Amino acid sequence: MQAQTSLSTYVRQELLPDLDDYIGKMLTDWHIPGLALAIVKDDETIFAKGYGIRKAGEHKAISEHTIFGISSVTKTFTAAAIGLLVDEEKLQWDDPVIKYLPDFQLYDPYVTQELTIRDLLCARSGLDGGDLMREGGDFDRNEVIYRLRYLKPSYSFRTRQGAFTFMFTIAGQVVAAVTGRPWDTFIKERFFKPLGMSASGTTRASALHTRNVAIPHIENDNAPDPYIYSIPDNVGPGGGITSNVLDLAQWIRLQLGKGTFKQKKILSSEVINELHTPQIVHQSPLMQLDHPGSNFVCYGLGWFLADYCGQKVIDHSGAMPGMEALIAILPEKQLGIVALANGFQSRWPLIALKQKVFDSFLELPERDWSEEFLQMKRQQEKQVKEWMSLERKDRISQQISNTHPSLDPVGYVGEYEDAFYGRAFINKEGSKLTFRFGSKYADLEHWHYDTFKAQWRKPLVGEDLITFVLNAEGKVEEMRVANFANFTRVQ
């Protein structure tokens, strides 16, 4: 590179000469309305640009200033907030959670006593699932944490990762308990302000009150369809931050600077090293797909850790219906990228973009990652259709013909409650019954006896069976939702 040529110019002209065309084709191939990308190198944001549109059917362009929901990338901030309190000697990584939240309780009394802050930040409590609960009602963060005592563990304590979002919600409440300030305020004061992340927020409202905001999209007849912002504020420390690529580039600079930003120490290098140190092996096959070429995938404290061509990779993705986010860092190369998209199934395109940028800076042979992932997606969709067809045939084979429900439709209408999930509702729309849980809806169709098939409305997919249990008086007293929960009728 010639001395008079800036690094950003070199990136545009030499390393990524076809980036605009590449992303344009990616948006078309994957049916994504738009995305934004920023690249950080050697403590400088050398590239930041938006592509496509904020909302299908409109012409407002995405720019590097456009706000997106970053979902689980929020976890990196919550882990760092705990690290900041470690720096200030206000807590320790291995302190028990009940030291700061004395009323905290899980289903297993032993885990309640032994669960540490470190366990929270690598999600190894043994809990899994239950994610729909976070949109099941008007629960605040304390209520969400309280109801975890009713969720039975799926794994043995500290053997594998499980429910991420709830663990980081607890960590956020630990921050509030120690500092006397809500997690939201602490994040804004201790990270957003010193890093100059003036466009970032911590709630759904902070996104919707911004003019330049990307709208989520779900798939509808193979085309993007605008969808609502489903940022659950009640679990904000696990997924509530909204931001843009320019602000998140500052977050990358802090990681690459070992806790120092513009010569000001915000976190100690010891804390940064702890955040970026493996704590547990990640066993999900999906994570291997997210890290092509990796020999291992681990989880640190709020970060995924892997390898790529001899380089350590530190990253985290985030997803909510119709929107995806990804931050990825090569610390030894002082390189990082942030990519945000507002399309359905845009996880792999962002990973493809990450791989393209990494390959360019590592001077590896050019490879069309987007096309490779696209072929993989098509094969996966084919396999899913085959699996669903077999499952449907198996279910139909168990269906009993020529049966009728015990009650008229209105007899099933009512309000139901589960100790963990909260309230669910059966309503009548025309001649049909519907199931509602928070913002999630399903249409019910009689299956046999008092069992109905629930067809989930988008963005959820698939079917479940709902069985109503009658008491001796012939009235519904319980609703059992397969693969979900058992609800007791309250009204």
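The values are calculated or read from the model by the stated rules, or taken from the named source; none is laboratory data. Everything numeric in this text was worked out from a predicted model, so none of it was measured. We place every Cβ from the backbone using ideal geometry, glycine too, and count neighbours over all the protein chains shown. All accessible areas refer to the heavy atoms of the entire protein, side chains included, with ligands and DNA or RNA removed. Shrake-Rupley method; radii C 1.70, N 1.55, O 1.52, S 1.80 Å.
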Practice problem: Name, by its number, the condition in (1) over 24 Å from I252 (Cβ atoms); (2) open to solvent by 40 Å² or more (accessible area, probe 1.4 Å); (3) assigned to a helix (DSSP H, G or I) that does not hold for V235. | Solution: (2)
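A quick yes/no check of all residues on (1) open to solvent by less than 40 Å² (accessible area, probe 1.4 Å); (2) closer than 22 Å to I62 by Cβ; (3) of a type outside the set (G, A, S); (4) in a helix (DSSP H, G or I):
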| position | (1), (2), (3), (4) |
| --- | --- |
| S156 | no, no, no, no |
| R160 | no, no, yes, no |
| A176 | yes, no, no, yes |
| R211 | no, yes, yes, no |
| Y229 | yes, yes, yes, no |
Self-check item: In the stretch 83-97, the residues that are assigned to a loop (DSSP other than H, G, I, E, B), in contact (Cβ under 8 Å) with a residue 40 or more places away in the chain and open to solvent by less than 50 Å² (accessible area, probe 1.4 Å)
Solution: L91, W93
Exercise. Using the structure shown, decide if I280 is in contact with a Lys or Arg (Cβ under 6 Å, 6 or more places away or on another chain), aliphatic (A, V, I, L, M) and either within 30 Å of R457 (Cβ to Cβ) or surrounded by 24 or more Cβ atoms within 10 Å (Cβ to Cβ) (or both).
Key: no
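Out of S268, S317, S284, I need the residue that is under 23 Å from I46 (Cα atoms) and of a type in the set (G, A, S). Which one?
Working: S268 fails: under 23 Å from I46 (Cα atoms); S284 fails: under 23 Å from I46 (Cα atoms).
Matching residue, one of S268, S317, S284: S317.
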Quiz item: With (1) under 28 Å from L148 (Cβ atoms); (2) open to solvent by 50 Å² or more (accessible area, probe 1.4 Å); (3) at pLDDT 95 or above as the list, and K264 as the residue in question, which single condition is left unmet?
Solution: (1)
Practice problem: Kindly provide the set of residues from the stretch 52-82 that are open to solvent by 20 Å² or more (accessible area, probe 1.4 Å), assigned to a strand (DSSP E or B) and not hydrophobic (A, V, I, L, M, F, W, C), ordered by number. | Solution: G52
Quiz item: Mind checking which residues of the stretch 443-482 are surrounded by 14 or more Cβ atoms within 10 Å (Cβ to Cβ), assigned to a loop (DSSP other than H, G, I, E, B) and acidic (D, E)?
Solution: D450
Practice problem: Pairs only if they're at least six apart or on different chains, beta carbon under 8 angstrom, first in the stretch 467-489 and in contact (Cβ under 8 Å) with a residue 40 or more places away in the chain and more than 16 Å from Y449 (Cβ to Cβ), second open to solvent by less than 80 Å² (accessible area, probe 1.4 Å) and part of a loop (DSSP other than H, G, I, E, B); list them, first residue then second. | Solution: F484/Y421; A485/F420; A485/Y421; F487/Y421
Quiz item: Could you list, in sequence order, the residues of the stretch 409-442 that are in contact with a strand residue (DSSP E or B) (Cβ under 7 Å, 6 or more places away or on another chain), in contact (Cβ under 8 Å) with a residue 40 or more places away in the chain and either among the aliphatic types (A, V, I, L, M) or part of a helix (DSSP H, G or I) (or both)?
Solution: G411, A424, I426
Exercise. Consider G201 carefully, then state whether it is farther than 22 Å from Y100 by Cα and surrounded by 23 or more Cβ atoms within 10 Å (Cβ to Cβ).
Key: yes
Quiz prompt | Residues of the stretch 335-379 satisfying the condition of being in contact with a His (Cβ under 9 Å, 6 or more places away or on another chain) and modelled with pLDDT of 90 or more | solution = N342, G343, I351
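Could you count how many residues in the stretch 44-93 are among the charged types (D, E, K, R) and under 25 Å from the mean Cα position of the chain (by Cα)?
From the stretch 44-93, those among the charged types (D, E, K, R) are 44, 49, 54-55, 58, 60, 64, 75, 87-90; that's our starting set.
With under 25 Å from the mean Cα position of the chain (by Cα) added as a condition, the list becomes 49, 54-55, 64, 75.
Going through the stretch 44-93 one residue at a time, the tally reaches 5.
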